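To start, the structure under review is shown below, and the notes come after it.
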Amino acid sequence: KMRMLHIAAKYTKNKDHLKHIYKTFVRSTLEFSSTVWHSSLTLADRQDLERVQKAALKVILRGEYEDYEQALGVLNLESLNQRRESMALKFVKNGLKDPQFSKLFPLRESKHGMIARNSEKYFVNKSNTLRHKESSVPFLQRLLNKDSFEKKMSLKILCRNELVKKTKKEEFNNKDPIFRVNYVLNVDAIT
């Protein structure tokens, strides 16, 4: 598949065409059924897969290639590891809509009425072996928990920022009586 990209690079210098060839023929092969096997990859396996993309980016960019991160930015691509993880998350979120599939990802039930600080949203299967821990279902359960935690934290940050803006605006309004009057007049004019 990479040979096809090398041959096409001899006849065209258009980066968009070469990028399309790479995505269609090479990357699709590298990501085939990746939601199943992504979690069990070793570090060496991940590096081998990234090496293929790195070589493809060198072929596409030719003399403009400086380093891998820069090439990803220029071509607006993400690393294969990040892409596989986002594809797995998308797969499991879409699967939760199906009642049969969602049985694999039950919500964690609280046996007490208290709210725990960092409780996980989804139940994660206990693993006695590393092989089971790195299999796809426990990995996807942990991925769902990670995503819900990140959403919760970003919502906290957003609420905190809005609260800070609101208090700063109130402090400003209390210091400047003319601003308060204009604000009230503008509100009255609108309503």
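The values are calculated or read from the model by the stated rules, or taken from the named source; none is laboratory data. Keep in mind it's a predicted model, so treat the numbers as computed, not measured. Methodologically, a virtual Cβ is constructed for each residue, glycine included, from the backbone with ideal geometry; neighbour enumeration extends over all protein chains shown. The area values use the complete protein model at the heavy-atom level, side chains included, leaving out ligands, DNA and RNA. Shrake-Rupley method; radii C 1.70, N 1.55, O 1.52, S 1.80 Å.
Out of R142, R62, one residue alone is open to solvent by 30 Å² or more (accessible area, probe 1.4 Å), farther than 30 Å from H20 by Cα and part of a helix (DSSP H, G or I). It is R142. Scanning the range 82-106 for residues that are open to solvent by less than 50 Å² (accessible area, probe 1.4 Å) and assigned to a helix (DSSP H, G or I) yields R84, A88, L89, V92, G95, F101, S102. In the set (1) in contact (Cβ under 8 Å) with a residue 24 or more places away in the chain; (2) surrounded by fewer than 12 Cβ atoms within 10 Å (Cβ to Cβ), A56 fails one condition alone, (2).
Could you please let me know if K168 is open to solvent by 60 Å² or more (accessible area, probe 1.4 Å), charged (D, E, K, R), part of a helix (DSSP H, G or I) and at pLDDT 85 or above?
Working: open to solvent by 60 Å² or more (accessible area, probe 1.4 Å): yes; charged (D, E, K, R): yes; part of a helix (DSSP H, G or I): yes; at pLDDT 85 or above: no.
Against the criterion (open to solvent by 60 Å² or more (accessible area, probe 1.4 Å), charged (D, E, K, R), part of a helix (DSSP H, G or I) and at pLDDT 85 or above), K168 does not qualify.
Among the residues making up the range 6-44, those that are open to solvent by 30 Å² or more (accessible area, probe 1.4 Å) and charged (D, E, K, R) are K10, K13, K15, D16, K19, K23.
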